[in-house]
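Asks: The structure is given below, and queries will be raised subsequently.
The values are calculated or read from the model by the stated rules, or taken from the named source; none is laboratory data. Since the model is a prediction, treat every value here as computed from it, not as a measurement. Here the Cβ positions follow ideal geometry from the backbone for every residue, glycine too, while neighbour counts run over all protein chains shown. Note: accessible area is taken over every heavy atom of the protein model, side chains too, but ligands, DNA and RNA are not part of it. Shrake-Rupley method; radii C 1.70, N 1.55, O 1.52, S 1.80 Å.
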Amino acid sequence: MLTKRPRGTNDFLPADTAKWQYVEDMLRRICREFGYEEIRTPIFEDTALFLRGVGDTTDIVQKEMYTFEDAGGRSITLRPENTASAVRAYVENKLFAGVQPVKLFYMGPMFRYERPQAGRFRQFHQFGIECFGAASPAADAEIIALAWEFYNRLGLKGLEVNLNSVGCPHCRPLYRQALQDFLRPHLGELCPTCQERFEKNPLRILDCKNPDCQQHLVGAPITLEHLCDDCSEHFTAVKRYLDEAGIPYRINDRLVRGLDYYTNTAFEILLSDIGAQSAVCGGGRYNSLVEQVGGKPTPGVGFALGMERVFNALAAQGIELPVQSGTDVFVAALGEAEMPLVFRLVTELRRRNIAAAYDMLGRSLKAQFKYADKFSAAYTLIVGGDELARGNVLMRDMATSEQQEVPLDEVVALLAERLG
Ligand code: HAM
């Protein structure tokens, strides 16, 4: 019996990967323009990193991690996200000792044991950026600007930037207290998850989708009214920078995000076209995380976006990416005897960076032409017959259907010139 791929994972076939490469190239280009450089961290880390980095009251740590013991008895976890690893790498490799800020990007697979549904997978891919060492609100605005630029270059419409501030270790405890005081009289009526969160992480109750919980949140205190002066100033400045860059946003005072490390700015970009999993991107500032992971106090800010959700959004909005496929030259053999010569021509073309295809299955000439259609080649060469006896091959320009005989030993140079 065929073993199927695990639930919540995907196979991306060549028609998909061509699109992925196009989007990844676009992201790399944008990162270069914004000054972010790539970092690649391990796909697995010591479990302790995520317990400390992501936070042990989060859904991710409590129920979604792929954790196992390796043969050496260490507890290992497949990364559920990349921020904690980027922070670890920043500290471990002493990137703090170089010029600041350090601006990094990453892309790759992440793993969360979630209930699979449209737009939510157990292995999914993120592109993300992290900026270390800059406390300036310009850094918060810059990461949002990068995400905004990306979605706009793809041509996606209907994006909504949701912005909030979740305060800092000085003002958040007061807000937390105010929220708990407000909810305490109704604690018994909240859903079991919210009841559980009430002591450990009451801010997450704001984010509960249960209509009864939502009902009890009407009139609840909001973070923005409990910010200390520094956080309030920071938030005002982030908005000012976004205004200056012409990036529209909506203040969403219920936005708290599902990870524990945020301080000050929290944001998400939503897109209603793609169903329930409408967050195409999320992130914010995390000024305490570097210290939590064992470094010196260092401000940080970043975001990650779900790649699968980008493709869902493109499909939902009917956007076709201009991906290039096919080949430059198809080389057809009149018969079996010409095959070694075909192989030589194809090899010489490829050595000149020309994409070249041929038939490996010994098809008839007619069937080779049919097969060649798949490649939508700009030129076809036909090798054999009287032309070959004269030391030539037949070269057909597929766009104009023009045919000409070209000396065998000149055809590669001629094609290289034409395909430039
Ligand atoms: P996150 O909100 O957990 O944040 O994930 C960021 C994005 O990854 C989401 O907005 C969504 O597009 C995508 N995503 C998350 N889980 C799944 C899933 N199961 N299937 C498909 N897509 C998914 C973080 O991961 C933070 N590390 C972001 C960050 C970076 N904050 C600061 N720096």
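Asks: What FRET efficiency, computed as 1/(1 + (r/R0)^6) with R0 = 45 Å and r the Cβ-Cβ distance, is obtained for A118 and Q404, rounded to the nearest 0.05?
Replies: It comes out at approximately 0.25.
Asks: When the chain is modelled as a GNM with alpha-carbon springs shorter than 10 Å, which of L305, L361, L51 fluctuates the most?
Replies: L361
Asks: Can you tell me, using C-alpha contacts under 8 Å and at least 6 residues apart, the relative contact order of the chain as a whole percent?
Replies: 15 percent
Asks: What's the tally of Lys pairs in the chain whose alpha-carbon atoms lie under 20 angstrom apart, where the two lysines are 8 or more places apart or on different chains?
Replies: 9
Asks: Right, something else. Give the calculated FRET efficiency between R352 and E291 to the nearest 0.05, with a Förster radius of 41 Å applied to their Cβ-Cβ distance.
Replies: On the way: r = 55 Å, r/R0 = 1.34.
Computed FRET efficiency for R352 and E291 comes out at 0.15.
Asks: Using only the heavy atoms of the protein chains and a 1.4 Å probe, how would M307, M1 rank by accessible area, largest first? Write out the running numbers ahead of the final one.
Replies: Details: M307 5, M1 225 Å².
Ranked from most to least accessible, the order is M1, M307.
Asks: Further question on the same structure: Any idea what the dipole of the range 329-419 comes to, in debye rounded to 20, about its Cα centre with Lys/Arg Cβ at +1 and Asp/Glu Cβ at -1?
Replies: 380 debye
Asks: OK, next. Need the full-extension length gain, T3 to H170, defined as separation in residues times 0.36 nm minus the C-alpha distance. One decimal, nm.
Replies: 54.8 nm
Asks: For the range 1-57, which trypsin sites (Lys or Arg not before Pro) are both in a DSSP coil and crowded by at most 13 other Cβ atoms within 10 Å? List each step's numbers first, then the result.
Replies: Details: sites: K4, R7, K19, R28, R29, R32, R40, R52; in loops: K4, R7, R40.
When the trypsin sites (Lys or Arg not before Pro) of the range 1-57 are filtered for loop state and at most 13 Cβ neighbours within 10 Å, K4, R7, R40 remain.
Asks: Taking 0.36 nm per residue of separation and subtracting the Cα-Cα distance, what length does fully extending D70 through F343 add? Could the numbers behind the result be given before it?
Replies: Details: separation 273, 0.36 × 273 = 98.28 nm, distance 4.76 nm.
The D70-F343 span can extend by a further 93.5 nm.
Asks: Could you look at the chain and say what percent of its accessible area is carbon and sulfur, using a 1.4 Å probe and all protein chains? Mind dumping the intermediate values first?
Replies: Numbers: 10510 of 20870 Å².
For the chain, the apolar C and S fraction of the accessible surface comes to 50 percent.
Asks: Between L414 and N152, what's the calculated FRET efficiency when r is the beta-carbon distance and R0 is 30 Å? Round to 0.05.
Replies: So, using R0 = 30 Å, E works out to roughly 0.10.
Asks: Using the Cα gyration tensor of the chain, with a ≥ b ≥ c the square roots of its eigenvalues, what is the shape: rounded (a/c below 1.5), prolate (a/b larger than b/c) or oblate (neither)?
Replies: Prolate.
Asks: Something else now. Would you mind working out the magnitude of the charge dipole of the range 68-209 relative to its Cα centre, with +1 at each Lys and Arg C-beta and -1 at each Asp and Glu C-beta, to the nearest 20 Debye?
Replies: 180 debye
Asks: Packing-wise, with mean Cβ within 10 Å as the measure, how do 155-166, 179-190 rank, highest first? Spell out each step's value before the answer.
Replies: Working: 155-166: 18.7, 179-190: 14.2.
Listed from highest to lowest mean packing, they are 155-166, 179-190.
Asks: Keeping all protein chains in place, calculate the accessible area per residue for the chain (probe 1.4 angstrom), answer in Å².
Replies: The answer is 50 Å² per residue.
Asks: Mind ordering 93-106, 311-324, 270-283 by average Cβ neighbours within 10 Å, highest first?
Replies: Per-residue Cβ counts within 10 Å, averaged per peptide and sorted highest first, yield 270-283, 93-106, 311-324.
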